[in-house]
Amino acid sequence: MTALDAATGAPGVSRARPDASRRVRAVVVPVALVAVLAVAVWCSVAIGSVFVPLGAVVDAVLGARSSEAHLIVQDLRFPRTVSGLVAGVCLAVSGVLLQGSTRNPLASPTLLGITAGSGFAVVVFIALLDMPSTWAVWVAFAGGGAAAGLALALAGTGRDGLSPLRLTLSGALVSLLLSAWTQAILALNEANADEVRHWLAGSLAGRDSAALPPLLPLLAVGLLAAALLARPLDALSLGDEAAIGLGQRPGRVRVLAGITAVALAAIAVAVAGPIAFLGLIAPHLARFLVGGRHIHVLVTSALLGPVILLVADIVGRVVAPPSEVQAGVLTAMLGAPFLIRIAARARGMS
């Protein structure tokens, strides 16, 4: 048994029972989450100001366009459900890559400034330059990458190199700075302020299904890259010296993981706006459920992310009728105490 297998829970003589339990959970949990996700998808399509029964949902997909159910399902709820699936997967997987590559339990697209950078870039692109939204994902990618680079540059200025605490503080500083600039732009550009504020809150409502197909190839490449990075990240979790001994190049792994994480976060921002803390919550729940091997965490997080986001969107529709609460607001309310708990636990272990 190799050092990598020992650290990540591969089978061994002395640890046969714990490892067998992990393997069982690594299969059972994702299968159960697939069923939960299917229920969440149906609820997302069916629940709202008008309830659509399951049979009517099927008829709306297969039936004539003139039916009221068809208009509700196809034109309103189906696009927001698909947007929730895409954004949830992207943010959850991005969080796994960031936490694994930085070895920082607090790392996420929100806390490292990636979400704020992507949002700021899109606001500048749309509100100030009045450019078409079809290029939003590429602008979001550039903005998120620049924000992450700035956070890394600020965090890496200490004598002891890259500190997880300093990285988190740098990301928070970058996020606050970019958020302030974003609000300043909105204050100076009142014509598009309402529309952009709705988008910045992180909402699945009013999404255009035509904007999703061009993003699917980039999503597929990002998920494939994340899967290929799973074993290198397992090696990286042992420390740089051990990773080098196992044939990995820590610097290259971090760069590839960072690029992939930024790309996935950019897709999520382009699809649903900045959704706070989802990239922090899903990976930690996944590790609790299936253990620490990154391939298992990636699969479980990719299922947990859309479940959490779709449930938040459903709750937002029904909690304050006839108005809606944006899904990003609810994930932020859930993520804030989650962040405090993780930070307190990390401090207690340090």
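The values are calculated or read from the model by the stated rules, or taken from the named source; none is laboratory data. Since this is a predicted model, take the numbers as computed values, not measurements. Neighbour counts run over all protein chains shown; Cβ positions are idealised from the backbone, glycine included.
Taking the stated definitions as given, is A346 under 14 Å from A201 (Cα atoms), at pLDDT below 85 and part of a helix (DSSP H, G or I)? Outline the logic, then answer.
Numbers: under 14 Å from A201 (Cα atoms): no; at pLDDT below 85: yes; part of a helix (DSSP H, G or I): yes.
No, not satisfied.
Going by the structure shown, is A146 assigned to a helix (DSSP H, G or I), modelled with pLDDT under 75 and closer than 22 Å to L215 by Cα?
It is false that A146 is assigned to a helix (DSSP H, G or I), modelled with pLDDT under 75 and closer than 22 Å to L215 by Cα.
May I ask you to verify whether F125 is at pLDDT 85 or above and more than 18 Å from I259 (Cα to Cα)? No, not satisfied. Just the residues that are buried (at least 16 other Cβ atoms within 10 Å of the Cβ), closer than 19 Å to L112 by Cβ and either in contact with a strand residue (DSSP E or B) (Cβ under 7 Å, 6 or more places away or on another chain) or of a type in the set (G, A, S) (or both), please, taken from segment 238-260. A257, G258, listed by residue number.
Quick check on this structure: which one of P213, P274 is under 22 Å from G144 (Cα atoms), of a type outside the set (A, V, I, L, M), at pLDDT below 90 and over 17 Å from the mean Cα position of the chain (by Cα)?
P213
Of these, A180, A187, which one is farther than 30 Å from D75 by Cβ, at pLDDT below 85 and out of contact with any Cys (no Cβ under 7 Å at 6 or more places or on another chain)? The match here is A187. Scanning segment 231-241 for residues that are part of a helix (DSSP H, G or I), over 25 Å from the mean Cα position of the chain (by Cα) and within 19 Å of L97 (Cα to Cα) gives a single hit, D240.
Exactly one residue out of L285, L280 is closer than 10 Å to L91 by Cα and at pLDDT 90 or above, and it is L280.
Looking for something farther than 28 Å from A32 by Cα, of a type in the set (G, A, S) and buried (at least 23 other Cβ atoms within 10 Å of the Cβ) - is there at least one such residue anywhere in segment 294-308? No, segment 294-308 contains no residue that is farther than 28 Å from A32 by Cα, of a type in the set (G, A, S) and buried (at least 23 other Cβ atoms within 10 Å of the Cβ).
Do you know which residues across segment 302-333 are modelled with pLDDT under 85 and acidic (D, E)? Within segment 302-333, E324 is the sole residue that qualifies. Taking the criterion of being of a type in the set (D, E, K, R) and touching a residue at least 40 places away in the same chain (Cβ under 8 Å), the residues of segment 78-134 that qualify are R80, R103.
Under the condition of being touching a residue at least 40 places away in the same chain (Cβ under 8 Å) and more than 20 Å from V137 (Cα to Cα), the residues counted in segment 222-244 number 11.
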